[in-house]
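Quick notes on the structure that follows.
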Amino acid sequence: MEEQIFPTKGNLIKARRTLALCRMGYDLMDRKRNILIREMMQLMEKVQLLRNSVEEEYKEAYAALQKANITLGVIDNIAQSVPIENGLEISYRSVMGVEIPTVSLAPEKTFVPYGFYSTNSMLDKAYVSFSKVKKITVMLAEIDNSIYRLAIAIKKAQRRANALQNILIPRYEETVRYIVDNLEEKEREEFSRLKVIKSYKLKHNLKKRSYEYEEQ
C-alpha cells in the first residue's frame, strides 16, 4: 500500500465508490476512443481519394497555366484582375466533445474577371482548372484538420484509458481487498472473543448453579 488506509467500513464504501467511478470512466474513455477512431477512419478514406484527385487537378491546372504563359506571355497583369477569395466560412460540429471544422466556400458568381480581347482559351482552361483546385483544396484542408484534431483526441483518450485501466483501477481493487481482508480478520477475532466469553459465562453459570445446589 502506497498510503496508509485505515480498514474501516467508511473507507471501504469510499474505495468501492471510487472504484466504480474509475470503471465507469474507463468504459466511457474506451467508447469515446472507439467512436473517434471510427470517425477518423471514415475521413482517412475520403482524404486519400481527395489527395489523388487534387494531385491530378494541380497537374492539369499548372499545365494549362504554362500553355497560357507560352501563348500570351507572362500573365501577371491578367492574374491581378482575379479577385482575392474571401468567401470561406468555418463552422464546427462536435464529435464526443471534439470540435471538428466544417469549411464551406461561397458559390462563385458566373463571370470571368478578365477580358476576352487579349486572352485565349488556354487561359480560360487554366482559370477553370484552378477554380476546381480551390474547391478540392478547401475540402482537403477541412478533412486534414479534422483528422489532426481527432488524432490528438484519440491519443488523450488512450492515455486516460490506460491510466484508469493500469493504475487507478488496480490500485483501488487492491485497496478494497486490503480493507475487506482486514475487516474479515477483525470479525473473526471478534467472533472468537465472543465465543470465549460465552464459554466462560456458561462455565461460570454452571459453577454458580452447582454451588447453589450444594448449599440446598
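Please specify each residue of the range 133-188 satisfying the condition of being of a type in the set (Ser, Thr, Tyr), more than 30 Å from Thr8 (Cβ to Cβ) and surrounded by 14 or more Cβ atoms within 10 Å (Cβ to Cβ).
Hits for the range 133-188 are Thr137, Ser146.
State whether one or more residues within the range 42-53 are part of a strand (DSSP E or B), free of Cβ contacts under 8 Å to residues at least 24 places away in the same chain and either more than 22 Å from Leu150 (Cα to Cα) or aliphatic (A, V, I, L, M) (or both).
Within the range 42-53 (the criterion being part of a strand (DSSP E or B), free of Cβ contacts under 8 Å to residues at least 24 places away in the same chain and either more than 22 Å from Leu150 (Cα to Cα) or aliphatic (A, V, I, L, M) (or both)), the answer is no, since none of the residues qualifies.
Output the qualifying pairs, or none if there are none: Cβ atoms under 6 angstrom, residues six or more apart or on different chains, first residue in the range 85-110 and of a type in the set (Asp, Glu), second residue modelled with pLDDT of 90 or more.
Hits for this filter: Glu99/Tyr92.
Yes or no: the range 143-151 includes at least one residue that is farther than 20 Å from Ala20 by Cβ, polar (S, T, N, Q), assigned to a helix (DSSP H, G or I) and touching a strand residue (DSSP E or B) at 6+ places or on another chain (Cβ under 7 Å).
Yes, some residue in the range 143-151 is farther than 20 Å from Ala20 by Cβ, polar (S, T, N, Q), assigned to a helix (DSSP H, G or I) and touching a strand residue (DSSP E or B) at 6+ places or on another chain (Cβ under 7 Å).
Being without any contact (Cβ under 8 Å) to a residue 60 or more places away in the chain, closer than 24 Å to Leu43 by Cβ, part of a helix (DSSP H, G or I) and not charged (D, E, K, R), is that true of even one residue in the range 126-140?
Within the range 126-140, one or more residues are without any contact (Cβ under 8 Å) to a residue 60 or more places away in the chain, closer than 24 Å to Leu43 by Cβ, part of a helix (DSSP H, G or I) and not charged (D, E, K, R).
Go through the range 9-30 and report how many residues are within 19 Å of Leu183 (Cβ to Cβ) and exposed (fewer than 13 other Cβ atoms within 10 Å of the Cβ).
Number of matching residues: 5.
Which condition number does Ala61 fail, the rest of (1) in a helix (DSSP H, G or I); (2) open to solvent by 60 Å² or more (accessible area, probe 1.4 Å) being met?
With respect to (1) in a helix (DSSP H, G or I); (2) open to solvent by 60 Å² or more (accessible area, probe 1.4 Å), Ala61 is out only on (2).
Filter the range 31-57 down to the residues that are open to solvent by 40 Å² or more (accessible area, probe 1.4 Å) and within 10 Å of the chain's Cα centre (by Cα) and list them by number.
Scanning the range 31-57 gives Arg31, Lys32, Asn34, Ile35, Ile37.
Looking for something open to solvent by 100 Å² or more (accessible area, probe 1.4 Å) and in a helix (DSSP H, G or I) - is there at least one such residue anywhere in the range 83-91?
The answer is no; no qualifying residue exists.
Among the numbered criteria (1) under 20 Å from Met96 (Cβ atoms); (2) more than 16 Å from the chain's Cα centre (by Cα), which single criterion is violated by Thr8?
(1)
Taking Ile70 as the residue in question, decide whether it is surrounded by fewer than 11 Cβ atoms within 10 Å (Cβ to Cβ), part of a helix (DSSP H, G or I) and among the β-branched types (Val, Ile, Thr).
For Ile70, the condition - surrounded by fewer than 11 Cβ atoms within 10 Å (Cβ to Cβ), part of a helix (DSSP H, G or I) and among the β-branched types (Val, Ile, Thr) - is met.
The values are calculated or read from the model by the stated rules, or taken from the named source; none is laboratory data. Quick caveat: nothing in here was measured; it's all calculated off a predicted structure. Neighbour counts are summed over all protein chains in view; Cβ atoms, including those assigned to glycine, are modelled from backbone coordinates with ideal geometry. Remember, those area values only see protein heavy atoms, side chains included, never the ligands or the DNA or RNA. Shrake-Rupley method; radii C 1.70, N 1.55, O 1.52, S 1.80 Å.
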